[in-house]
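The structure under discussion appears below in the form of structure tokens.
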Amino acid sequence: MNYEIIVVGAGHAGCEAAFACARKGHKTLLITSNLKNIADMPCNPHIGGSAKGIVVREIDALGGIMGKVADKTHLQIKMLNSAKGPAVQSLRAQGDKIAYPKEMIKTLTSLENLEIKEGMVEDLIVNEGKVLGIILEDGTKINAKEVILTTGTYLKADILVGNTRTRKGPHGERPSNFLSDKLKEYGFTIKRLKTGTPQRIARDSIDFSKTKLEPGDNKYLTFSFDLEPCYKIEEQMPCYLTYTTPKTHEIIRANLNKSSMYGALDDIEGIGPRYCPSIEDKVVRFSDKERHQLFIEPESRYYDDMYLQGFSTSMPPEVQEEMVHSLPGFENAKILKYGYAIEYDAIYPTQLKASLETKILENLFTAGQINGTSGYEEAACQGLIAGINASLKLEGKEPLVLKRNEAYIGVLIDDLITKGIRDPYRLLTSRAEFRLILRSDNADLRLRNIGYEVGMIDENQKNRLDQKMSLINECMEYLKNTKIKIDLEKQNILKEYNIEISNTTMTLENLLKRPEITMEIISKLADIPYDETILEQVYINLKYEGYIKKAYKEAEKLIKLEKKQIPNDIDYNKIKNIASEARQKLNEVRPATIAQAIRISGVNPSDISILSVYLKKEYGKDE
Amino acid sequence: MEDTICAIATGGGVGAVSIIKVSGNDAISIVNSIFKGKDLTKVASHTINYGFIVDKDEIIDEVLVSVMKAPKTFTREDVVEINTHGGYAATNKVLETLLLNGCRLAEPGEFTKRAFLNGRIDLLEAEAVMNIIDSKTDIQRKMALNQISGKTSNLINDLRSDMVEIISNINVNIDYPEYDDVDIITNEILLPKITNLKNRIEEILKESENGKLIKDGIKTSIIGRPNVGKSSLLNALLEEDKAIVTDIAGTTRDIVEGNIVLNGILLNIIDTAGIRATDNKIEAIGVEKSLKLMDESDLVLFMLNNNETLTDDIKELLTKVKDKKYLIIINKIDLDRKLDIDYLKQENIVEISVKENIGIDDLKNKIIELFNIEDINMKDPTYLNNTKSITILKNCLKRVADIEQSVKDNLPIDMLEMDIKSIWEELGKINGSTYEEELLDEMFKRFCLGK
């Protein structure tokens, strides 16, 4: 049995990685400890969300599959922040936990070069710092040229409920007991992380009249740039909203010592995510808050579990019963699954290159939660990049490294490898300094060509992109050259929006540039012969011209610094003038470029100056 | 495309002439934009040009500007050198104007670094360059720690902390759009907050006492009856003959200025016409001016003649000086004492003889004591750093005003957030407290979010 690439783990990172490798024509094995859990959503049922929705579009633009699978199977979809600026709008779908994995398996099994197998991987075949394959728990060896680890939360996973700790993965699955120890032996630094999940409640035991309805959008939306909407607006399933009560808080306070996190277990090392506190945390840390918001979300069309977002806990079951029953509409609720916390091993991500190949073992790539992130989208995009880069390496080509000004994916990977992590990493809009460039609406314009260059996007898709780009340019010219007379009739239309413009003639471009004029208003004033998606691009570019120009100017500076490479063999101990903290950090991260070095906290501008002078001296390079 | 950088090239002291060096792609065009004289973009390379540095219509200084085009320059970039004449305050004002018009203050050793990177300096000198950067940075690091007074620093910290609240609130609105228990910041809510920020930055600029002291120097006037030795004292302090000294009473009709630096703090000394009732019209204007100047001064050096008795007008003036910071200087102690010293009952007395060079150092020490200059000096060691802070504040003020307009223009809140954040970062440079995770930490500390 010889494969070119083996992907270990079939979660969101693994599926995307395996797809990319096989799509690029490499003989690939996807190995999972349980075939039933391919593309599983063990926690919340969302695909997308703020910033994450943009990542899903980026994955699609680069030729990945998450967006398409979500489009074909979701229960409802929304554009978040639609009332805010274009830079922060982001799609979020309510995934179907049955249909999504099913569609994913269908996509994967249709690939010629991909084989999917069950097996527990407990070691790697390693020779002279190079990975040559994997070793299963029964000792079976499988060789490959590249290995991608996407083991999620399964490394030494412990489920924590009340005062019990059990060596189990999500859903009580078998975890990998030895792989993380082996990685440690090979030289990796391992970090213990923790996350949690709330209860699942039987749908028919909830009184929804006491909750607020949260429907999907009334407008057809898709993640993918290639698909037409394949759902009906009126058939979307709603979510609901409820709140904790004073009684809930009372129960939590009275039972705090029974929570794993508050003393019931005294051996917790894992660091939990700051953005995802348990309900215990929220009640304790925000004691002045009278209530906390909870979302009740359907998990599937095919079964009745409702996910209780916002109520994640590690209380023992009997307390969870009490807590849930104190919620409005949940007086008689039936808990199908109790909430729990899960502790697991991850590798410290500064041990990775920007390609996601590890610095410690050649031909080994890692992606997803093993790298310290959380979230399906964060995992999937890393899987895609690891898959593409493992393939490119086989092909003898340079890796794909997306820059911070090119994609949220670039922001995420750069953050991981440059700054490391303290708690499980989640993408947030505020992490991106170029969010005005990294929009949901232009993910294809940013990334499709790159996807094409690396062999993930086909000719048809590329042609559609080229066509779109030329239409945008045409439309821009059209608006610049077409004049409009604001006559009485048009003034009346404007009056409906409380806008007054005197009787003048102006170009459509100048009209659109006025702060009060929106896409909707202009469509009532003039008949512009271009699609909404085309007009939207032109509109955004005109409306926020100043901001966008500024962002591109900033990006240019970054690009320049990204070009200043630091040789692999640099010995920071030889640069005597560098401050010792900076030296230590540089040794740890070993940045590939000056730009990356600047982003390391603890490295000051003077250290960068000294470094660039040293580089010129030693390597004769211009910084 | 490198930034265009600038710095005062002459040492920390005050010479008659200071040189400001500007280097980078935009060096010529930036200087040209604040220069009144020939069009510098059109003059030949390596020429010296006479003119004025202006801030809009206001003339800051009369200057000579050397224009040197790449590559035959020290850095191998376009270099402009501005020779200023107006002393410390004017030089710094020129520097400030450059910073406000697109230059960046050079980092320690940056000119040399550029010279090296552009191949102007020999490779063997690389080590030396790194040493320069290192040692200068060390000094700067120490400076940065105590860069501004505690009061100003606190004001800026408060300002930034309020900005963090706004920023993290908007970020929560963006990243958790469906959380209804977090306030939604709208443009209407934002507007008064922005106006408040603007007012406070203005206030900090105005009120940062020490900053002002260092920026404008201590405005010092020498007051006294004619021929008491005011001009001689000024000269003694300046160690040059800038004021005209004669023994005819009332020679100094106009005002003579001079600057000295005590422990790095600038004393802007003004010698006034002697105060006495007079029928001479020209001198009367001088007297009026003197009283006015005394009123505007940070420090009054009130000069008395050891060899004369106190007159009634002087006694009256002594009551006027009480509200100011002042020193009573008794000159001519080499002569017989006719002065009624007991009448003075004041503490801040220095006895000197300018003629015999007695007590001048005493006087300097008294001034240092009076203004706590040693203290200030520690907190705020260079003017340069402060020019930087003030420029940052001024830039921020301009940008906050822009944001105010954008809020009114109804720009999306997330775009405004980017502007606010960039000001927050900018302000952080003043007390060196921008760190990346700060905002995220704040966000999760202040707001209750999660699954």
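Residues are listed down the side, and each one gets a yes or a no for (1) assigned to a loop (DSSP other than H, G, I, E, B); (2) of a type outside the set (D, E, K, R):
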site: A:ALA10; (1), (2): yes, yes
site: A:ALA13; (1), (2): no, yes
site: A:GLY25; (1), (2): yes, yes
site: A:ASP40; (1), (2): yes, no
site: A:ASN44; (1), (2): yes, yes
site: A:GLY64; (1), (2): yes, yes
site: A:ALA93; (1), (2): no, yes
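If you go through segment A:310-321 one residue at a time, do you hit one that is closer than 24 Å to A:THR195 by Cβ, surrounded by 23 or more Cβ atoms within 10 Å (Cβ to Cβ), among the hydrophobic types (A, V, I, L, M, F, W, C) and within 14 Å of chain B (Cβ to nearest Cβ)? Within segment A:310-321, one or more residues are closer than 24 Å to A:THR195 by Cβ, surrounded by 23 or more Cβ atoms within 10 Å (Cβ to Cβ), among the hydrophobic types (A, V, I, L, M, F, W, C) and within 14 Å of chain B (Cβ to nearest Cβ).
Counting the residues of segment A:415-425 that are surrounded by fewer than 21 Cβ atoms within 10 Å (Cβ to Cβ) and either in a loop (DSSP other than H, G, I, E, B) or among the acidic types (Asp, Glu) (or both) gives 5. Residues of segment A:390-411 that are surrounded by 24 or more Cβ atoms within 10 Å (Cβ to Cβ) and within 13 Å of A:LEU352 (Cα to Cα): none at all. No other residue among B:HIS85, B:HIS46 is surrounded by fewer than 20 Cβ atoms within 10 Å (Cβ to Cβ) and under 28 Å from B:LEU238 (Cα atoms) apart from B:HIS85. Note on segment B:430-451: residues that are at pLDDT 65 or above, surrounded by fewer than 19 Cβ atoms within 10 Å (Cβ to Cβ) and at the interface with chain A (Cβ under 9 Å from one of its Cβ atoms) total 3. Scan segment A:120-137 for residues that are among the small types (Gly, Ala, Ser) and surrounded by fewer than 17 Cβ atoms within 10 Å (Cβ to Cβ) and jot them down. The answer is A:GLY129, and nothing else.
For segment A:338-389, the tally of residues that are surrounded by 24 or more Cβ atoms within 10 Å (Cβ to Cβ) and in a helix (DSSP H, G or I) stands at 19.
Within segment A:237-266, residues that are closer than 21 Å to A:LEU294 by Cα sit with their Cβ atoms under 6 Å from residues that are in a helix (DSSP H, G or I) and aliphatic (A, V, I, L, M), at 6+ positions apart or across chains, in these pairs: A:THR248/A:MET323; A:HIS249/A:VAL283; A:ILE251/A:MET323; A:ILE252/A:VAL283; A:ASN255/A:VAL319.
Against the conditions (1) more than 21 Å from B:THR391 (Cβ to Cβ); (2) of a type in the set (Phe, Trp, Tyr); (3) modelled with pLDDT of 90 or more, B:PHE116 satisfies every one except (3). Among the residues in segment A:283-298, are any within 14 Å of chain B (Cβ to nearest Cβ), under 30 Å from A:GLY187 (Cα atoms) and surrounded by fewer than 21 Cβ atoms within 10 Å (Cβ to Cβ)? Scanning segment A:283-298 turns up no residue that is within 14 Å of chain B (Cβ to nearest Cβ), under 30 Å from A:GLY187 (Cα atoms) and surrounded by fewer than 21 Cβ atoms within 10 Å (Cβ to Cβ). Scanning segment A:456-474 for residues that are in contact with an Asp or Glu (Cβ under 9 Å, 6 or more places away or on another chain) and of a type outside the set (S, T, N, Q) yields A:ARG464, A:LEU465, A:LYS468, A:LEU471.
Restricted to segment B:183-218, and to residues there that are part of a loop (DSSP other than H, G, I, E, B) and at pLDDT 80 or above, the residue that is surrounded by the most Cβ atoms within 10 Å (Cβ to Cβ) is B:ILE185. The residues of segment A:293-303 that are part of a loop (DSSP other than H, G, I, E, B), in contact with a Leu (Cβ under 8 Å, 6 or more places away or on another chain) and not polar (S, T, N, Q) amount to a single one, A:ARG301. For segment A:457-468, the condition of being within 21 Å of A:GLY48 (Cα to Cα) and touching a Leu at 6+ places or on another chain (Cβ under 9 Å) holds for none of the residues.
Only one of the numbered conditions (1) surrounded by 13 or more Cβ atoms within 10 Å (Cβ to Cβ); (2) within 14 Å of A:LEU535 (Cβ to Cβ) is not met by A:LEU447, and that is (2). Just one of the numbered conditions (1) within 14 Å of chain B (Cβ to nearest Cβ); (2) without any contact (Cβ under 8 Å) to a residue 24 or more places away in the chain; (3) out of contact with any Asp or Glu (no Cβ under 9 Å at 6 or more places or on another chain) is not true of A:GLU398: (1).
Residue count for segment A:28-69 satisfying the condition of being within 14 Å of another protein chain (Cβ to nearest Cβ) and over 19 Å from A:ALA18 (Cα atoms): 12.
In the set (1) within 30 Å of A:GLU509 (Cβ to Cβ); (2) within 14 Å of chain B (Cβ to nearest Cβ); (3) in contact (Cβ under 8 Å) with a residue 40 or more places away in the chain, the condition left unmet by A:SER601 is number (1).
Remark: pairs (first residue in segment B:298-325, more than 15 Å from B:PRO226 (Cα to Cα); second residue surrounded by 15 or more Cβ atoms within 10 Å (Cβ to Cβ) and of a type in the set (S, T, N, Q); Cβ separation under 6 Å; 6+ apart in sequence or on different chains) = B:LEU299/B:THR220; B:VAL300/B:SER221.
Taken together, B:ASN199, B:ASN173, B:ASN187 contain a single residue that is without any contact (Cβ under 8 Å) to a residue 40 or more places away in the chain and in the same structural domain as B:ASN395 (by TED's automatic domain parsing), which is B:ASN199. For segment A:578-598, the set of residues classified as surrounded by 21 or more Cβ atoms within 10 Å (Cβ to Cβ) and within 11 Å of chain B (Cβ to nearest Cβ) consists of A:ILE578 only. What about A:GLU16, is it more than 30 Å from A:GLU214 (Cα to Cα), surrounded by fewer than 22 Cβ atoms within 10 Å (Cβ to Cβ) and in contact (Cβ under 8 Å) with a residue 40 or more places away in the chain? No: the conditions fail for A:GLU16. Among the residues making up segment B:385-429, those that are of a type in the set (Asp, Glu) and either within 12 Å of chain A (Cβ to nearest Cβ) or crowded, with 19+ Cβ neighbours inside 10 Å (or both) are B:ASP402, B:ASP409, B:ASP414, B:GLU417, B:ASP419, B:GLU425.
Under the condition of being of a type in the set (Phe, Trp, Tyr) and either in contact with a His (Cβ under 9 Å, 6 or more places away or on another chain) or within 14 Å of another protein chain (Cβ to nearest Cβ) (or both), the residues counted in segment A:482-536 number 1. Taking (1) in a strand (DSSP E or B); (2) surrounded by fewer than 20 Cβ atoms within 10 Å (Cβ to Cβ); (3) touching a residue at least 24 places away in the same chain (Cβ under 8 Å) in turn, B:LEU64 satisfies each apart from (3).
Is it the case that A:PRO101 is over 20 Å from A:ALA386 (Cα atoms), more than 14 Å from chain B (Cβ to nearest Cβ) and at pLDDT 95 or above? Answer is yes for this residue.
The values are calculated or read from the model by the stated rules, or taken from the named source; none is laboratory data. Worth saying up front: this structure is predicted, and the values here are computed from it rather than measured. FYI the Cβ positions are ideal-geometry reconstructions off the backbone, even for glycines, and counts take in every protein chain you see.
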